[in-house]
Amino acid sequence: MNSSNSPRHGGQAGQWGITERPIDRLLRTLEIVKPQTIKKTGAGFTALCPAHEDGNRSLSIREGDDGRVLIHCFAGCTVASVVFALGLEMRDLFANGRGGAR
Ligand SMILES: [Zn+2]
């Protein structure tokens, strides 16, 4: 039996206006596209790559220092093709993707 038991901060989203980190969004999307695939590792996560026929968790997912999502497929898929397979866009990998103007 698997009750969903995700570690999560209690409390409301404050006044930060940040609802979800890029890596959380990516993992959530991946869980929809490839259910039961995500596995936590020391440095991040591994999962079945959505961009090719993967039976071996070729996809490595990590969070970079600046909050961006780092994706690497050991079978050679490009980041763009993985993102596309998830129905996301490249900018979804970056934390500060809310308009370029500063
Ligand atoms: Zn791949």
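Among residues other than residue 63 with Cβ under 15 Å from its Cβ, the summed charge is +1 (Lys and Arg +1, Asp and Glu -1). Each Lys or Arg adds one and each Asp or Glu subtracts one; over the other residues with Cβ under 11 Å from the Cβ of residue 28, this totals -1. Among residues other than residue 46 with Cβ under 13 Å from its Cβ, the summed charge is +4 (Lys and Arg +1, Asp and Glu -1). Computed over the Cα atoms of segment 22-93, the ratio of the radius of gyration to the Kirkwood radius (Rg/Rh) comes to 0.91. Taking other C-beta atoms within 10 Å as the exposure proxy, 46, 29 rank 29, 46 from fewest upward. For the peptides 75-82, 32-39, the ranking by mean Cβ contacts within 10 Å, running from highest to lowest, is 75-82, 32-39.
Bear in mind these aren't lab numbers, they're just calculated from the coordinates by the rules spelled out. Treat the numbers as computed from the prediction; the structure is a model and nothing was measured. Cβ atoms come from the backbone with ideal geometry, glycine included; neighbour counts cover every protein chain shown.
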